[in-house]
Amino acid sequence: MIGALRKTGHRTGRFFGEALAGRPAGRPYLAVTWGLIAGAIWFAVGLAGDPAWPLPVLAGCYLGVLLAAVCAIDARYGIIPDSLVLALAAGGALYAWLWGAGDLWWRVLEAALVFAAVSLFRALYRWLRGHDGLGFGDVKFITAATLWIGADGIPVLLLIAVASALVSLLILRAQGHELHGKHAISFGPHLAIGVWWVWVASFP
């Protein structure tokens, strides 16, 4: 357990270091990296002087660390580990329960509906295009994120994720990569920035 956490921390630090230093491997995720940092600053400013700050701060630190780890691992290996998805879901369920006990079961229902909808979209996309547009890890990640932001936050999450992914594709194109209709990129980091911004925006 300790070794896995240390390894994840090392990978996350390397991800941020490569992106902020503008190295070729990290350059496509520069917008994601600065997006996470900007969201953290926005969150801190929004909570300044709020007497009810302890719970949001603990939740924000937990969520921010998980999302950063998702970015680092998916960007390098093209997968979102089930352990991180489960941690995201468990944290979201606990947060929904602590923030309002009446909201928890509604959030669980929303997550189930989002899972069904995104799975259907994934299947239809594969049927129409002949290849996957979303990995199943992305589907599970979006489902877990619903526990944090609710179903009404999913459209904005996806809009932010698509915009972030387009920025990454433009950077790849500027680096000389040949792009085509089946060009695959890791979508997890872009989903992560969408989750982070939508959740942070939920606080006044």
Q | Evaluation of residue 141 against (1) in contact with a His (Cβ under 6 Å, 6 or more places away or on another chain); (2) at pLDDT 95 or above (one fails), failing number | A | (1)
(Q) Residues that are in a helix (DSSP H, G or I), free of Cβ contacts under 8 Å to residues at least 40 places away in the same chain and not aliphatic (A, V, I, L, M): does the range 133-144 have at least one? (A) yes
Q: Just need a number here: residues in the range 74-84 that are touching a helix residue (DSSP H, G or I) at 6+ places or on another chain (Cβ under 7 Å), surrounded by fewer than 22 Cβ atoms within 10 Å (Cβ to Cβ) and more than 18 Å from residue 27 (Cβ to Cβ).
A: 2
**Q.** From the options 134, 169, 158, residue that is under 11 Å from the mean Cα position of the chain (by Cα) and surrounded by fewer than 19 Cβ atoms within 10 Å (Cβ to Cβ)
**A.** 158
Q.
I'm trying to understand the selection: among the residues of the range 54-70, which are surrounded by 15 or more Cβ atoms within 10 Å (Cβ to Cβ) and over 20 Å from residue 81 (Cβ atoms)?
A. 56, 59, 60
Q) If you go through the range 160-204, how many residues are of a type in the set (A, V, I, L, M) and either at pLDDT below 90 or assigned to a loop (DSSP other than H, G, I, E, B) (or both)? A) 11
(Q) Tell me which helices (runs of 4 or more DSSP H) are completely within the range 1-86 and hold 3 or more residues being farther than 12 Å from residue 192 by Cα and at pLDDT below 75, or say none if there are none. (A) 2-20
**Q.** Criterion violated by residue 128 - all others in (1) in a helix (DSSP H, G or I); (2) surrounded by 15 or more Cβ atoms within 10 Å (Cβ to Cβ) satisfied
**A.** (2)
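The values are calculated or read from the model by the stated rules, or taken from the named source; none is laboratory data. Keep in mind that this is a model prediction, so the values were computed, not measured. Cβ atoms come from the backbone with ideal geometry, glycine included; neighbour counts cover every protein chain shown.
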